[in-house]
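Take a look at the structure below.
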């Protein structure tokens, strides 16, 4: 065999192996900024407060059951206030994730996950919001389950497995057809990587803070803070509001495909 041809084949093989290795690393690592619940042992319990209307209860129950299959956490539901004023504001609850649906308006987003952070990395409370202005019509039950599953998943510290619109068979991608209602093995593996890496000296999932949370916010867009990253196609944005001393509110926003296509590089808060 010609030496130059052999060298060229070897080069292609090496490049292919490096590319595969890098893609597998990126695919497997979808921690959301290293954010996680502080806990002193595994598995630990995370409660999800149900402030949804009854037509979303099945979707929430499926999502809780799916995430409860993780080996590092026990995810349990808790009945919450589903009055309209509560669902519209969706106030955070210390040590818990609150799930809400409401007609939040034709503002471009389908789902919005928020986490409050202390010490720079520790989640203290979270919310997941489903926007019925869009989701109540024109979206299938599978689409709605995909959004519910993903917004709850963000509350554990998971990011997206992929932001290209590709279908990776998980609710933690955002395939253009929103057709994956459940997590996949890589999501559970990522949770194990996050929570088996170390233990903490406190348990933020057991916080019992009384009084109004000074960092809580009804998700008015102008209070979301700084746009820190956006997917290439403009479909997903991440915002950080820095309250000082390592206290943050971080938000993942999933925009409608139509809204993102108007101006992929724009901060969609102002792209109305």
query = Label points 7 Å out from Cα along the Cβ direction at residue 220 and residue 89: separation in nm?
reply = 1.3
request  = Rounded to the nearest 0.05, what FRET efficiency do residue 257 and residue 188 give with R0 = 30 Å and r taken as the Cβ-Cβ distance? Could you check?
outcome  = 0.60
key: Rounded, prolate or oblate (a/c below 1.5 giving rounded, otherwise prolate when a/b exceeds b/c) for the range 33-270 by Cα gyration tensor   = rounded
ask   = Among 172, 130, which comes first, second and so on when ranked by fewest other beta-carbon atoms within 10 Å?
value = 172, 130
query = Which order results if 261, 151 are arranged by neighbouring Cβ count within 10 Å, fewest first?
reply = 261, 151
ask   = At a Förster distance of 35 Å, what's the computed FRET efficiency of residue 79 paired with residue 264, Cβ-Cβ distance as r, to 0.05?
value = 0.30
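Answer rounded, prolate or oblate for the range 54-190, using the Cα gyration tensor with square roots of eigenvalues a ≥ b ≥ c: rounded when a/c is under 1.5, else prolate when a/b is larger than b/c, else oblate.
Rounded is the answer for the range 54-190, as its axis ratio a/c remains below 1.5.
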task = For each of 129, 144, count neighbouring Cβ atoms within 10 Å of the residue's Cβ, then give the residues from fewest to most.
result = 144, 129
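Once the piece of chain linking residue 240 and residue 53 is laid out straight, how much longer is it, given 0.36 nm per residue of separation minus the C-alpha distance between them? List each step's numbers first, then the result.
Values: separation 187, 0.36 × 187 = 67.32 nm, distance 2.88 nm.
Length gained, residue 240 through residue 53: 64.4 nm.
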query = Taking Cα centroids, how far is the range 230-253 from the range 46-61 in Å?
reply = 24
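Quick note: the coordinates plus some simple rules give every number you see, no bench work behind them. Small disclaimer: the values here were computed from a predicted structure and weren't measured. Cβ atoms come from the backbone with ideal geometry, glycine included; neighbour counts cover every protein chain shown.
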